[in-house]
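Read-outs: derived from the displayed coordinates by stated rules, not from any lab. Note that this is a predicted model, so its numbers are computed, not measured. Cβ placement follows ideal geometry from the backbone for every residue including glycine, while neighbour counts extend to all protein chains displayed.
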Amino acid sequence: MSEQEEVIELTDKDGNKTKFKIIDAFEKDNEEYAILLPEDSEDEVVIFKVLYSDNEEAEYIEITDDKLADEIFNEFVNRISEE
């Protein structure tokens with residue numbers, strides 16, 4: 001990730017909009033994941049699976065499976081530990 005963090009705005013199913021900083025994005029098991037930090041949080045990240053539509057627009061799906069979320073978070077921690 002570059003020095004300047006990318007910020008995106010996502011809308012939940014209830015229509016609430018939240019801005020997120022993209023902390024990291026990587027591929028694991030042929031799936032793309034993103035670690036996002038809500039704008040109103042300093043220490044609680046949210047893990048999303050990233051899917052792309054035919055027109056290359058990204059769709060972010062929050063990971064709700066605790067086991068998968070733990071695997072992705074551990075991968076993220078390993079990645080930042082190596083930097």
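Just a few scattered comments:
- Residue match in the stretch 40-53 (condition: under 15 Å from GLU5 (Cβ atoms) and either free of Cβ contacts under 8 Å to residues at least 24 places away in the same chain or not aliphatic (A, V, I, L, M) (or both)): yes
- Tabulated pairs, the stretch 12-37, first among the polar types (S, T, N, Q), second outside any strand (DSSP E or B) and surrounded by 10 or more Cβ atoms within 10 Å (Cβ to Cβ), C-beta under 7 angstrom, 6+ apart or interchain: THR18/GLU39
- THR64 meets the conditions (1) within 13 Å of the chain's Cα centre (by Cα); (2) assigned to a loop (DSSP other than H, G, I, E, B); (3) surrounded by 12 or more Cβ atoms within 10 Å (Cβ to Cβ) in every case but one. The failed one is (3).
- Some residue of the stretch 16-36 being acidic (Asp, Glu) and surrounded by 14 or more Cβ atoms within 10 Å (Cβ to Cβ): yes
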